[in-house]
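Input: one structure, supplied below.
The values are calculated or read from the model by the stated rules, or taken from the named source; none is laboratory data. Everything quoted here is computed from the prediction, not taken from an experiment. Heads up, the Cβs are rebuilt from the backbone with ideal geometry, glycines too, and the neighbour counts pull from every protein chain shown. In case anyone asks, the SASA skips ligands and DNA or RNA and just uses the protein heavy atoms, side chains included. Shrake-Rupley method; radii C 1.70, N 1.55, O 1.52, S 1.80 Å.
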Amino acid sequence: MHYTCTMLILAIETSCDETAVALVEEKRGGFFVIDEYVSSQTKTHAPFGGVVPNLAARDHLKNLPLLLKKIIAKNKIKRNNIDLIAVTEGPGLIPALLIGTNAAKAIAYAWKKPLVGVHHIAGHIYANFIHLVKSPTSRQGAALPQFNRVKFPILALIVSGGHTELIFMKKHMDFKIVGQTLDDAAGEAFDKVAKILELGYPGGPIVSRLAELYQSSTFPSQQRSCRDSSKSNFSLPRPMINSNNLNFSFSGLKTAVLYTIRDNPKTLKSKKLTSELCAEFQQAAIDVLVSKTIRAAKKYKPKTILLGGGVSANKELRRQLGEIIKKQIPDTRYQIPDTKYSLDNAAMIAVAGYHKWKFSKNRKPFYNNWRTFEADANLKLN
Ligand code: KG4
Ligand code: ZN
């Protein structure tokens with residue numbers, strides 16, 4: 001597929017606890033972030049140990065106009081510069097989604113621009129299409145190369161606070177969910193385990209930091225996979241790892257951590273033991289995620305495996321999945337987003353929004369979308 005004209009996309013993301021705006025340029029199939037801002041609400045929700053929807057909405061309402069004002073002023077955006085408005089349509093917390101979608105509708109109405117609603121998970125997949133360099137300029141009129149680089153078919157493992165899905169894509173915007181969690185999402189399990197271990201919120205970064213601490217102090221020159229499990233204090237299950245399908249389950253793993261603490265309450269008093277338990281929990285989650293991804297890859301034979309979603313910021317998951325792909329299916333490309341784009345951001349919404357617009361047979365409705373467009377907390381991917 002060839003991309004021709006350049007487009008400038010203004011995007012908004014407010015599905016959960018990050019208020020984010022981005023200005024992204026599409027140039028010959030490459031996606032270059034001109035500017036972006038993310039305002040995190042961690043401090044607001046930390047005392048509650050999880051995201052409180054109405055407090056999230058209140059923070060979005062306060063922060064979104066400030067971020068929009070900043071990105072518009074700093075980049076001297078005029079209505080004529082912008083080609084497309086993209087916004088997260090769902091899934092997510094409805095009070096939070098409504099702030100972003102209503103702002104996007106207002107801008108689309110005022111500037112008479114097409115407005116595209118984006119599925120949050122499509123955003124996490126398309127985070128892998130963001131280029132990490134400055135937008136290139138053509139010298140002396142020479143043609144720029146095509147920048148599109150991800151080869152189809154794609155298998156995407158999306159792991160976030162609300163989702164754990166294996167998605168197969170034969171082409172752009174064509175999503176087939178081939179595996180998913182039957183209960184908790186992977187990120188939710190990290191967050192709940194952190195709560196059980198009284199470590200604070202959000203759990204993923206804290207649990208992974210402690211796991212790394214344990215790893216580096218106990219096996220300074222070894223990888224965790226080389227450890228001697230007979231010497232370890234904890235042994236957690238790898239739920240559904242041998243099941244003959246591509247689904248996941250993380251609620252039993254979380255409960256196993258709860259029972260471990262109930263039976264060994266002293267663990268909480270020891271940083272070393274808590275770190276070891278974090279490491280064992282993280283490894284159990286990674287073992288299942290990696291094993292199911294490889295199983296799916298052997299079945300669907302993608303050219304590229306992508307990782308995305310907040311949990312894809314996890315260093316060990318990134319490293320171990322890459323290693324196993326190299327060993328077991330070396331012809332498959334492995335693509336991970338920059339850590340910054342693993343977490344919620346608006347640049348990924350711009351890129352997914354661009355593709356939705358580009359591959360829509362009928363673009364007309366996008367021009368009047370401000371009339372009818374609604375956020376959908378339970379939006380389906382297809
Ligand atoms: O994609 P995301 O920012 O928001 C949702 O769409 O849910 O993902 C947030 C999730 C949280 O559960 C957080 O604990 C988890 O991603 N997370 C991590 C790491 N960083 C964030 N999980 C494991 N390891 C990390 N380093
Ligand atoms: Zn997300």
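Could you pull out the residue among Thr88, Thr42 that is closer than 23 Å to Thr372 by Cα, polar (S, T, N, Q) and touching a residue at least 40 places away in the same chain (Cβ under 8 Å)? Outline the logic, then answer.
Values: Thr42 fails: closer than 23 Å to Thr372 by Cα.
Answer to the selection: Thr88.
From the list Ala352, Ala284, pick out the single residue that is crowded, with 23+ Cβ neighbours inside 10 Å and assigned to a helix (DSSP H, G or I).
Values: Ala284 fails: crowded, with 23+ Cβ neighbours inside 10 Å.
Answer to the selection: Ala352.
Listed here are the residues, each with its yes/no results for (1) in contact (Cβ under 8 Å) with a residue 12 or more places away in the chain; (2) touching a Lys or Arg at 6+ places or on another chain (Cβ under 6 Å); (3) within 14 Å of ligand 1 (Cβ to nearest atom).
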position	(1), (2), (3)
Val159	yes, no, yes
Thr164	yes, no, yes
Ile167	yes, no, no
Lys171	yes, no, no
Gln180	yes, no, no
Lys192	yes, yes, yes
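Rundown of residues vs (1) assigned to a loop (DSSP other than H, G, I, E, B); (2) open to solvent by less than 50 Å² (accessible area, probe 1.4 Å); (3) within 11 Å of ligand 1 (Cβ to nearest atom), yes/no style:
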| residue | (1), (2), (3) |
| --- | --- |
| Ala279 | no, yes, no |
| Val288 | no, yes, no |
| Thr293 | no, yes, no |
| Lys298 | no, no, no |
| Ile305 | no, yes, no |
| Val311 | no, yes, yes |
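OK, next. Residues of the stretch 54-71 being within 21 Å of the chain's Cα centre (by Cα) and open to solvent by 50 Å² or more (accessible area, probe 1.4 Å), which ones?
If the condition is that a residue be within 21 Å of the chain's Cα centre (by Cα) and open to solvent by 50 Å² or more (accessible area, probe 1.4 Å), then no residue fits.
Return yes when Ile82 is open to solvent by 40 Å² or more (accessible area, probe 1.4 Å) and not charged (D, E, K, R) and no when it is not. Outline the logic, then answer.
Working: open to solvent by 40 Å² or more (accessible area, probe 1.4 Å): no; not charged (D, E, K, R): yes.
Spelling it out, it is not the case that Ile82 is open to solvent by 40 Å² or more (accessible area, probe 1.4 Å) and not charged (D, E, K, R).
Within the stretch 85-98, count every residue that is open to solvent by less than 30 Å² (accessible area, probe 1.4 Å) and assigned to a helix (DSSP H, G or I).
2
Return the residues of the stretch 193-213 that are open to solvent by 40 Å² or more (accessible area, probe 1.4 Å) and part of a helix (DSSP H, G or I); say none if nothing qualifies.
Residues satisfying the conditions are Lys195, Pro205, Arg209, Glu212, Leu213.
Could I ask something else about it? Please go through the stretch 313-343 and give me each residue that is within 16 Å of ligand 2 (Cβ to nearest atom) and more than 22 Å from Asp174 (Cα to Cα), ordered by number. Let's see the steps before the verdict.
First pass over the stretch 313-343, keeping only residues within 16 Å of ligand 2 (Cβ to nearest atom): 313-314, 317, 336-343.
Correct list: Ala313, Asn314, Leu317, Asp338, Thr339, Lys340, Leu343.
Kindly indicate which of Lys70, Lys105, Lys113, Lys62 is in a loop (DSSP other than H, G, I, E, B) and either in contact (Cβ under 8 Å) with a residue 60 or more places away in the chain or more than 16 Å from ligand 2 (Cβ to nearest atom) (or both).
Values: Lys70 fails: in a loop (DSSP other than H, G, I, E, B); Lys105 fails: in a loop (DSSP other than H, G, I, E, B); Lys62 fails: in a loop (DSSP other than H, G, I, E, B).
Answer to the selection: Lys113.
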